[in-house]
Amino acid sequence: MNGPEIDVEFAPELHVFVPRARQSGGVRAGTDGVAALGHVVESLGVPLTEVGALLVDGREVPFAHVPSAGESVTVRAVARPQQVPGAPLRFLLDVHLGTLARRLRLLGVDTAYESTDIGDPALAARSAAEQRVMLSRDRGLLRRRELWAGAFVYSTRPEEQLRDVLERFRPELLPWTRCTACNGMLRQASKDEVADQLKRGTHTTYDVFARCGACGRAYWKGAHHEQLEAIVERALALRAERR
């Protein structure tokens with residue numbers, strides 16, 4: 001863009017998208033006199049899913065605002081906790097976020113997950129059809145207009161990813177109620193109901209079981225239960241802190 005120039009200042013949280021803004025806090029950007037301010041911000045690298053408000057010379061403007069030469073723009077980060085109106089809060093995760101998907105399901109959060117790469121158009125269409133918040137580290141995916149809603153996952157570490165999602169959206173937590181494999185709901189099950197999934201040692205050692213109503217997978221407090229319990233306890237403690 002080689003038209004009128006504007007000054008754009010970014011909230012510190014957004015500097016990850018605009019490395020050249022880290023020292024001064026902002027950049028000088030050219031426009032074409034036609035493109036909306038939201039498009040200009042995206043062209044600088046920031047997905048609009050991460051933008052809370054746009055201010056021009058101190059007053060809030062819509063993303064559709066067409067900037068003029070010399071304007072000073074402030075780009076704020078999305079407010080937290082973020083409210084997603086119009087549907088129950090539920091998520092859709094892309095192929096790269098499998099561990100995060102399993103941890104959200106462990107906490108009872110409705111979380112769809114694609115274990116294969118079905119492509120950005122299909123993911124965006126599913127987000128819209130099922131009214132799910134798309135979680136991804138793919139900025140191009142988050143720019144797709146057909147998304148119901150979206151959010152960038154800032155970290156590559158599952159523990160930090162989970163904390164960020166819980167802080168940003170504050171979903172209701174219902175631990176141990178969802179299948180970590182398919183997102184179905186769990187119900188109590190007798191040993192006889194799940195006997196075909198149990199090895200001999202498990203059959204003799206454990207007496208309390210649950211079973212997924214969707215895929216039929218059996219659950220019990222096995223060798224990894226303490227690790228899972230720790231994840232749940234940290235999440236519940238975080239929620240208590242934020243109340």
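The values are calculated or read from the model by the stated rules, or taken from the named source; none is laboratory data. Just so it is clear, the structure is predicted and the values come from calculations on it, not from any experiment. Backbone-built Cβ (ideal geometry, glycine too); neighbour counts: all protein chains shown. Note: areas computed on protein heavy atoms with side chains; ligands, DNA, RNA excluded. Shrake-Rupley method; radii C 1.70, N 1.55, O 1.52, S 1.80 Å.
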Given the rule -39500 (n - 2.57) for each run of at least 4 DSSP H residues, summed and divided by the residues of the chain, what is its mean residue ellipticity at 222 nm, to the nearest 500 deg cm²/dmol? -8000 deg cm²/dmol
Between the helical axis of 225-242 and the dominant principal axis of the chain, each derived from Cα atoms, what acute angle in degrees is found, rounded to the nearest 10? 40
One would report the Cα pair-distance distribution of the range 56-191, bin width 5 Å, in %, as 2, 9, 18, 20, 18, 12, 8, 6, 4, 2, 1, 0, 0, 0, 0
Once mean projected area of the Cα convex hull in nm² is worked out from the coordinates, which option in (1) 11.7; (2) 15.5; (3) 13.9 does it equal? (2)
Heavy atoms of residue 148: accessible area, 1.4 Å probe, square angstrom to 10: 90
The range 25-122: relative contact order from alpha carbon pairs under 8 Å, six or more residues apart, as a whole percent, is 20
Using the Karplus curve 6.51 cos²θ - 1.76 cosθ + 1.60 with θ = phi - 60°, what ³J(HN,Hα) values do you get for each residue of the range 171-185, in whole Hz, with x for Gly and Pro? x, 5, 9, 10, x, 6, 10, 10, 6, 6, 8, 10, 6, x, 8
Counting only heavy atoms of protein chains, what accessible area per residue, in Å², does the range 68-168 have with a probe of 1.4 Å? 45
Please list the non-local residues whose amide H lies under 5 Å from the amide H of residue 71, H modeled 1.01 Å from N, same-chain partners needing a gap of 5 or more. 7
Roughly how many nanometres apart are two label points built 7 Å out from the Cα toward the Cβ at residue 87 and residue 5? 4.3
If I stretch the segment between residue 225 and residue 117 completely, what's the gain in nm (0.36 nm per residue apart, minus their alpha carbon distance), one decimal? 35.9 nm
Tell me the carbon and sulfur percent of the accessible area for the chain, rounded to whole percent, probe radius 1.4 Å. 49
Using a 1.4 angstrom probe and counting only protein chains, how large is the accessible area of residue 89 in Å², to 10? 60
With θ set to phi - 60° and the Karplus curve 6.51 cos²θ - 1.76 cosθ + 1.60, what are the ³J(HN,Hα) couplings of the range 77-91 in order, to the nearest whole Hz, using x for Gly and Pro? 6, 4, 6, 10, x, 7, 9, 10, x, x, 7, x, 6, 8, 10
Distant-in-sequence amide H partners of residue 217 (H built 1.01 Å from N, under 5 Å): 212
So for the chain, averaging the separation of alpha carbon pairs under 8 Å that are six or more residues apart and normalising by length, what relative contact order in percent results? 15
What does the charge count near residue 153 come to, summing +1 for each Lys or Arg and -1 for each Asp or Glu among other residues with Cβ under 13 Å from its Cβ? -1
Just to verify a number: FRET efficiency for residue 77 and residue 217, C-beta to C-beta distance, R0 = 45 Å, to 0.05? 0.70
Pairing the Cα long axis of helix 158-169 with the longest principal axis of the chain, what angle in degrees results, from 0 to 90 and rounded to the nearest 10? 70
Tell me which of 171, 100, 212 sits at the most positive position along the dipole axis of the chain, charges placed on C-beta atoms (Lys, Arg +1; Asp, Glu -1). 212
What FRET efficiency comes out for the pair residue 172/residue 95, r = Cβ-Cβ distance, R0 = 22 Å, nearest 0.05? 0.25
